[in-house]
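Accompanying notes for the structure given below.
The values are calculated or read from the model by the stated rules, or taken from the named source; none is laboratory data. All of these numbers come straight from a predicted model, not from anything done at the bench. Glycine gets a Cβ as well: all are built from the backbone with ideal geometry, and neighbour counts include every protein chain shown. For accessibility, only protein heavy atoms count, side chains too; no ligands or nucleic acids. Shrake-Rupley method; radii C 1.70, N 1.55, O 1.52, S 1.80 Å.
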Amino acid sequence: ETGVTQSPTHLIKTRGQQVTLRCSSQSGHNTVSWYQQALGQGPQFIFQYYREEENGRGNFPPRFSGLQFPNYSSELNVNALELDDSALYLCASGGGNSYEQYFGPGTRLTVT
Amino acid sequence: AQTVTQSQPEMSVQEAETVTLSCTYDTSENNYYLFWYKQPPSRQMILVIRQEAYKQQNATENRFSVNFQKAAKSFSLKISDSQLGDTAMYFCAFMRDQYGNKLVFGAGTILRVKS
């Protein structure tokens, strides 16, 4: 157990809809990163939040956005869903005196 | 940009034997961090072992050890006394430095441990 939780576990949405995924980080971790993992591939970095501000972004369009809250929770929002957005979405928390990132169990998003 | 390459899509090993998973990476950085993560069918990404590039000594965690060759940009994972519970997808990952804000992952190697 990493102490990082994500909700929901599974989600099915229709193309064009919007979705919000949630992550609860370990207490004391001031960074949260989001990754997209397509089936059979390695995770791809979406963005990181540090102390509630975006701190680096991968090659993802602006319809992927996020929020980080003072209570160590965070959200990933995806607008105008596309079929290719179907993937496992992982959040990872870190920070403090450690460079390590600890992953949650992921949310499986299916876009139909 | 950094890249991570895992050239073995699938590997299998008999229980109690030793297996080595390969990873190479490309970077112009001198100080960085390397990781091996395990992802079983439950999907939870679990940190197996980590290596700081400034350390010459190879990292070891119980049955898991690495062979870090900085000049060759190679970072292989050796699993000794393989157990059925080691069956999983293994990812090699790179982080630029301790302030780096992202992990760059390889495509993964599926490891199957057979009884």
Study note, to complete from the structure: Projected onto their principal axes, the Cα atoms of the protein assembly as shown stretch, largest extent first, over whole-Å spans of 48, 38, 31
Exercise for review: Only Cα pairs under 8 Å and at least 6 apart count here; give the relative contact order of chain A as a rounded whole percent.
Suggested key: 37
Check your understanding: What is the calculated FRET efficiency for B:A1 to B:S115, with r their C-beta to C-beta distance and R₀ = 30 Å, to the nearest 0.05?
Key -> 0.10
Check your understanding: What do the square roots of 5 times the Cα gyration tensor eigenvalues come to for segment A:13-61, in whole Å, largest first, as semi-axes of the equivalent ellipsoid?
Key -> 22, 14, 12
Practice item. Determine, from the Cβ-Cβ distance of A:S27 and B:Q69 and an R0 of 22 Å, the FRET efficiency 1/(1 + (r/R0)^6), rounded to the nearest 0.05. Key: 0.05
Review point. Segment A:1-48 to segment A:50-111: how many Å between their Cα centroids?
Key: 5
Review point. Sequence-distant or interchain residues sharing an amide H contact under 5 Å with B:A107, placed H: which?
Key: B:Q6
Review point. Working out 0.36 nm times the residue gap between B:E61 and B:R96, then minus their Cα-Cα distance, what length gain in nm do you get to one decimal?
Key: 10.4 nm
Review point. What total accessible surface area, summed over both chains, is buried at the interface between chains A and B, computed with a 1.4 Å probe and given in Å² to the nearest 100?
Key: 1800
Review point. How high is the relative contact order of segment B:11-50, in percent, counting Cα pairs under 8 Å that sit 6 or more residues apart?
Key: 27
Practice item. Just flag the chymotrypsin sites (Phe, Trp or Tyr not before Pro) in segment B:81-115 sitting in loop per DSSP whose Cβ has no more than 15 other Cβ atoms within 10 Å. Key: B:Y99
Review point. Which GluC sites (Glu not before Pro) does segment A:3-112 hold that lie in a coil by DSSP with at most 14 other beta carbons within 10 Å?
Key: A:E52, A:E82
Study note, to complete from the structure: The answer for GluC sites (Glu not before Pro) in segment B:1-72 that fall in a DSSP coil and have at most 14 neighbouring Cβ atoms within 10 Å is B:E15, B:E17, B:E29
Exercise for review: Give me the orientation-averaged projected area of the Cα convex hull of segment A:37-92, in nm², one decimal.
Suggested key: 4.0
Point to revise | Percent accessible area from carbon and sulfur atoms, the protein assembly as shown, protein chains only, probe 1.4 Å | key: 45
Review point. Using the Kirkwood formula over every pair of different C-alpha atoms, what hydrodynamic radius in Å results for segment B:50-108?
Key: 12.9
Exercise for review: Could you grab the relative contact order for chain B? Cα pairs under 8 Å, six or more apart, rounded to a whole percent.
Suggested key: 37
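Place a +1 charge on the Cβ of each Lys and Arg in chain B and a -1 charge on the Cβ of each Asp and Glu, then give the dipole magnitude about the Cα centre in debye, rounded to the nearest 20.
Computed charge dipole of chain B: roughly 140 debye.
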Check your understanding: What does the convex hull of the Cα atoms come to per residue for chain A, in Å³?
Key -> 95
Revision key, fill the gap. The alpha-carbon pair-distance distribution computed for chain B, with 5 angstrom bins and whole-percent values, is 2, 12, 24, 25, 19, 10, 5, 1, 0
Review point. How much area per residue is accessible in the protein assembly as shown when the probe is 1.4 Å and only protein heavy atoms are counted (Å²)?
Key: 48
